[in-house]
1. So is L11 open to solvent by 90 Å² or more (accessible area, probe 1.4 Å) and hydrophobic (A, V, I, L, M, F, W, C) or not?
2. Among D17, D33, D51, which is modelled with pLDDT of 95 or more and acidic (D, E)?
3. Restricting to region 19-65, give me the number of residues that are exposed (fewer than 10 other Cβ atoms within 10 Å of the Cβ), over 25 Å from the mean Cα position of the chain (by Cα) and of a type outside the set (F, W, Y).
Amino acid sequence: MNLLRIRIHHLIEQLADEDLERFWHSVHAMHCDFYMLKAIQEVKRSQQPWDTLTHEEALRLLIFS
């Protein structure tokens, strides 16, 4: 792991400022996508068949709340 960290730092130092900014936006977007995917997978893993409502059930709950 430490060797990989050193290699990544070396690559970052070689990037121009414009390329580094573009790279950061791409990495940040991928990080956010991964975070959302992980959250979706967790919900799918914990969701039970009786946790969902039909459209009609949801409307009834909204109307009578």
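1. Spelling it out, L11 is indeed open to solvent by 90 Å² or more (accessible area, probe 1.4 Å) and hydrophobic (A, V, I, L, M, F, W, C).
2. After applying the criteria, what remains is D33.
3. 6
The values are calculated or read from the model by the stated rules, or taken from the named source; none is laboratory data. Here the structure is a predicted model, which means the values were calculated and not measured. FYI the Cβ positions are ideal-geometry reconstructions off the backbone, even for glycines, and counts take in every protein chain you see. Just so you know, the surface numbers come from the protein's heavy atoms only, side chains and all, with ligands and any DNA or RNA stripped out. Shrake-Rupley method; radii C 1.70, N 1.55, O 1.52, S 1.80 Å.
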